[in-house]
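Engineer: Let me begin by handing over the structure; questions about it come next.
Read-outs throughout are calculated quantities, based only on the coordinates presented, and are distinct from any laboratory measurement. Computed from a prediction, not measured in an experiment: that's the story for all the values here. Reconstructed Cβ throughout: ideal geometry from the backbone, glycine too, with neighbour counts over all protein chains shown.
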Amino acid sequence: MVGYEKKIFYAVNNNYTNLIINTGCWGRTELSDLGLVTATGIDLEPDGNIRITVISITPTGFGAKGEPEKSNSWIGTATGKTLADAKNNLNETATKNLAWFHNRFIIIGENFAKHGIGDIIDHLSRGRQFRYENKVLITPTTAYDMLTIPADVEKNLVLEIEGIVNSMKEEWSKVYVENFKNILVNYCEKKSGFITGRIHYFKNENTTISTSRGDFNEAGSGERQQYVAAIKGSGVFMDEKLIGWIDGDETQAYMLIKGKARNGVITSRYNDGKDSLSYVFKRSKSKMKAEFDGNKISFNIDIKMTGRIEVLYTEQNILKEEEINKMEEAVSETVKHNLEKLIKKAQEEFEVDFLGFGEYIFRRHPKRWKEIGDRWDEIFPYIEAKYNAQAKIDNSGIISKLVIN
Amino acid sequence: MLSENLEENIKFLKLKFMDCFDVIFREFTLGKNETKCLLVYIQEIVNTETMNKNFFHSLMEDFNVYNVNLDKKEALEAIKNKFIEIGNVEKITLLEEAVEDILDGKCVFLISGISAGLSLNTSKWQHRSIGEPISEAVVRGPSESFTEAISINISLIRKRLKTHNLKMEKLEIGHLSRTRVVMSYIKGVACEKVVNEARKRLEKIDIDSINDSGEIEQFIEDNPYSPFPQISYTERPDIVSACLSDGKVEVLVDGSPLVLVFPAVFVDFLSSPEDYYVRFYFGTFIRMLRYIAFVIALFLPSIYVAMTTYHQEMIPMSLLTTLIAVRAAVPFPAVIEALLMEFTFEVLRKAGIRLPKPIGEAVSIVGALILGELAVSVGIVSNVMVIIVAFTGIASFVIPKYNQSISIRLLRFPLMILAGSTGLFGIITGFLFLLIHLVSLRSFGVPYFSPFSPLSLPDWKDSMVRFPIWTLRKKPEFMKKRSSKIR
């Protein structure tokens, strides 16, 4: 070896030796020792302890024909003074090394959400194993109840929830499930609120239940056997605390104001309420503007959408321009109605600014913010919010004259 | 020194060739005075037909017609010039020379009263005829290959390069074997420094016998401790002619059908003549395929071990659950499993080579199918590991040069151990070691990792990709720039 080669050789050699000798952790885990946690539920117990509930998947090997057997889902739960404590206590009953890197959902019970999720955001964001893509869902019951209901169609509840979230992502802005990263960002910004999906279960009165349900044993016995999970509406957060719930239409309005809605369906009445009409928007634009008149603060929200007609029951000739204008009007009215509901809820019911008005002033008018920032919670209910919505139909969505004519 | 007394010469030669039944001493007389003559040769390596027709016949039939005074010193010259109808005839004056020539398949002709002799080149060595290349077969391209006879090999090269600048330097290596070794290059194209250095290294070889060019290779390579081969080989005359015109030096060894080619760089071991004979799109495609296969052959088992024991978070969820299910019944840690499987595969591979063809096929079926299948169903190894090992093995067959592919097979094992002990960190460390080593390696002064390092962009046209043939008219830049000293 020549000189420089020797040098590099020793440098690499040194580093490698250092790596082996001086590092503390040695992350060797055999695959067969892993329990893959796919959903984590967090509750606040009445005694102030934290309860953690996990669904962990442990594939059990191959069947006779060499096909993978149905994997075992293990539902474990434990309590502790802190989240870390509860996580460690899980090991009392867990047979595998619980690994969180494939965790997909964090489900937070209402009690805990009202108490404030700051602690767990902090704890989870520090760990190596939690991915920022984790979806966060809020349930109005306890997370333990939620996670122990049986899966309907999929192999386990997690796949079920994932299926629901994925199927809702497109074409339907009425549900919005926030991921962990955005919640972390919002949490750091303090003054802005956020919403995330509300998961609940309801009792399925019908008998049309998937066959795989029978495989699910104890947790879902009795009446619980009939429960079905659903994601509907959203939970509203402000400063790490849950302040209330909004329904699907309001979620859509929220998304439109925030400019996050990409696709969505708006159903409204048309032709003096005789016909119903479903409108799908493909693009939406939101503009917010604040006006200051002395002490009076007013906001202008302007929403523009373009889209097409999806479903329409009418006998009018919809290719006429005035009819199209009428339909656009009808859709705009529906959106305005939803906006009004949402803003009213924020100003009158919650009296909390989760729509980001304060944030807007903070960013665009920092001088004003210095004057009013401290009293913003008091001012917010009394600001005047004007809103306007404009829906445009850029094509009719039909390829020939209507069949029913 | 040859004596004037023929009896003394006979005595000396008989002593030298004691207990050699195949050495023939043919005594006869010539001329009016019945002068005693002697012809010594080894029957098995002499073309007796030529000897009888062009020596005995012409000498005995025609000799008495001319008046040749056999007592004179000039008699030998006269016989050489007038009677012997053989092309290559040399005068010898030393007994040792006579012994060597006899062993080279020549006939040594001695006349009583003259202290010199003639050596007649009548040698005829047994060899097989020109066959098809076995280890470097191509679909498209010439399909003749070198044989063990150096004369045939030289003729195959001469056939392809008709220039007086093609030089063939002859050396004899081996005290016992006196193997003929020919260094071939094109003067003015090959670098003088490399030629001189090669000559020097070849002359320095001190050994009793040379049986294959592989032995020569180990004597003259730059870094004998490196796992990577620094001298390429080929059994195809078309590659030799292409390499010669690239400015490379070839070494032909008598008795070996494989010709050594150097300086050889890393990219040479991953290219095949077929790359040039097919159109350049496909040429480029198979080049890239080979580089990917090289990486797979070297790293795949260790990456699998590292990912499944240390970096499970890098594996997608659905694949991970399958892997866990597959590995659930396996009693060994992944690294032991991998080493075990690779070892088994190497054993199978070796067993298949040694056995005769029909049995070899049976062994590979038993090995691959039955052993693999049973090992999985019994639960000693997982079937994913069988896939990994099989794919790695197949990928290593894509590397066209055998000596490079065995070095990859060897390096796989330390990499697996590194992966099993420190995961991807270990693999990266191992990779850095290899890279540092490759970059510092030289083949007869040419940096082994050129044209990548040192960078010579024009030569990238013929490295991982192959540009159209008309852009490859110049010989590689890195063969010209030989800034570094030859070590």
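Engineer: Under 8 Å for C-alpha pairs, at least 6 residues apart: give me the relative contact order for region B:195-323, rounded to a whole percent.
Structural biologist: Working: 94 pairs, mean separation 21.7, N = 129.
Relative contact order for region B:195-323 comes out at 17 percent.
Engineer: Cβ neighbours within 10 Å, averaged per peptide: list B:235-244, B:45-54 in order, most packed at the top.
Structural biologist: Details: B:235-244: 22.2, B:45-54: 16.2.
With the highest mean Cβ count within 10 Å placed first, the list reads B:235-244, B:45-54.
Engineer: Just counting partner chain Cβ atoms within 10 Å, what average do the residues of peptide A:52-58 show around their Cβ?
Structural biologist: On the way: counts 0, 0, 0, 0, 0, 4, 4.
Average per residue, whole number: 1.
Engineer: For region A:225-330, what is the convex hull volume of its Cα atoms per residue in Å³?
Structural biologist: Working: hull volume 20.1 nm³, N = 106.
So the per-residue hull volume is 190 Å³.
Engineer: Further question on the same structure: By how many degrees, between 0 and 90 and to the nearest 10, does the Cα long axis of helix B:317-327 differ from the longest principal axis of chain B?
Structural biologist: Approximately 60 degrees, to the nearest 10.
Engineer: So for each of B:23-30, B:140-147 I average, over its residues, the number of other beta carbons within 10 Å; can you give me the resulting order with the highest mean first? Spell out each step's value before the answer.
Structural biologist: On the way: B:23-30: 14.8, B:140-147: 17.1.
Highest mean packing first, the order is B:140-147, B:23-30.
Engineer: Can you pull the mean other chain C-beta count within 10 Å for peptide B:304-315?
Structural biologist: Details: counts 0, 0, 0, 1, 5, 5, 4, 2, 9, 8, 1, 3.
The shielding value for this peptide is 3.
Engineer: Follow-up question, since we're still on this one. How many Cβ atoms of partner chains, on average, are near each residue of B:326-339 if near means within 10 Å of its Cβ?
Structural biologist: Values: counts 7, 7, 9, 4, 4, 1, 1, 4, 4, 2, 0, 0, 0, 0.
Across B:326-339, the average partner-chain Cβ count within 10 Å equals 3.
Engineer: Using the structure shown, list the pairs from A:K289/A:K392; B:K167/B:K193; A:K241/A:K341; A:K274/A:K386; A:K258/A:K326; B:K170/B:K200 with a Cα-Cα distance above 20 Å, or answer none. Write out the running numbers ahead of the final one.
Structural biologist: On the way: A:K289/A:K392 22 Å; B:K167/B:K193 15 Å; A:K241/A:K341 22 Å; A:K274/A:K386 29 Å; A:K258/A:K326 27 Å; B:K170/B:K200 13 Å.
Check vs 20 Å cut-off fails for A:K289/A:K392; A:K241/A:K341; A:K274/A:K386; A:K258/A:K326.
Engineer: In deg cm²/dmol and to the nearest 500, what is the mean residue ellipticity at 222 nm of chain B if only DSSP H runs of at least 4 residues count, each as -39500 (n - 2.57), divided by the residue total? Let's see the in-between values first.
Structural biologist: On the way: 18 runs with 214 residues, N = 487.
Per the formula, -13500 deg cm²/dmol.
Engineer: Now for a different question. Any idea what diffusion coefficient region B:220-323 gets from Stokes-Einstein, in µm²/s, Kirkwood Rh on alpha carbon pairs, 37 °C, 0.692 mPa s? Spell out each step's value before the answer.
Structural biologist: Numbers: Rh = 17.0 Å.
Result for D is 193 µm²/s.
Engineer: Next question, about the same structure. Taking every pair of distinct Cα atoms and averaging 1/r, then inverting, what Kirkwood hydrodynamic radius in Å comes out for region B:150-264? It would help to have the intermediate numbers written out before the result.
Structural biologist: Details: mean 1/r = 0.0712 Å⁻¹.
Kirkwood radius, region B:150-264: 14.1 Å.
Engineer: Under the definition of Cα pairs under 8 Å and six or more residues apart, what whole-number percent is the relative contact order of region B:150-264?
Structural biologist: Details: 194 pairs, mean separation 36.5, N = 115.
Contact order relative to length: 32 percent.
Engineer: In terms of the ratio Rg/(2.2 N^0.38 Å) built on C-alpha atoms, what value belongs to region B:1-117? Intermediate results must be reported in sequence, preceding the final value.
Structural biologist: Details: Rg = 13.4 Å, N = 117, 2.2 N^0.38 = 13.4 Å.
Taking the Cα Rg and dividing by 2.2 N^0.38 Å, one obtains 1.00.
Engineer: Which whole-number percent gives the relative contact order of region B:219-287, counting Cα pairs below 8 Å spaced six or more residues apart?
Structural biologist: Values: 65 pairs, mean separation 18.7, N = 69.
Computed value for region B:219-287: 27 percent relative contact order.
Engineer: Considering all alpha-carbon pairs of chain B, what whole percent are spaced by more than 41 angstrom? Could the numbers behind the result be given before it?
Structural biologist: On the way: 46671 of 118341 pairs.
I get 39 percent for the Cα pairs in chain B exceeding 41 Å.
Engineer: Starting at the first residue of region B:366-373, write each ³J(HN,Hα) from the Karplus equation 6.51 cos²θ - 1.76 cosθ + 1.60 with θ = phi - 60°, in whole Hz, x for Gly and Pro.
Structural biologist: With coefficients 6.51, -1.76 and 1.60, one gets 4, x, 5, 7, 6, 4, x, 4 Hz.
Engineer: For a test of the definition: using alpha carbon positions, the gyration tensor, and the 1.5 limit on a/c, classify region B:276-440 as rounded, prolate or oblate.
Structural biologist: Taking the square roots of the gyration eigenvalues as a ≥ b ≥ c, region B:276-440 is oblate.
Engineer: For region A:259-395, just the Cα atoms, rotate onto the principal axes and tell me the three extents in Å, largest first.
Structural biologist: Reported extents, whole Å, longest axis first: 57, 25, 24.
Engineer: If you don't mind, there's one more thing I want to ask. Please give the per residue volume of the convex hull enclosing the alpha carbon atoms of the protein assembly as shown, rounded to a whole number of Å³. Write down the numbers at each step before the final one.
Structural biologist: Values: hull volume 257.0 nm³, N = 892.
Cα-based convex hull of the protein assembly as shown, divided per residue, equals 288 Å³.
Engineer: Can I ask one more? Expressed as a fraction of 2.2 N^0.38 Å, the rule-of-thumb size for a compact globular protein of N residues, what is the C-alpha radius of gyration of region B:95-174?
Structural biologist: Values: Rg = 18.2 Å, N = 80, 2.2 N^0.38 = 11.6 Å.
That works out to 1.57 for region B:95-174.
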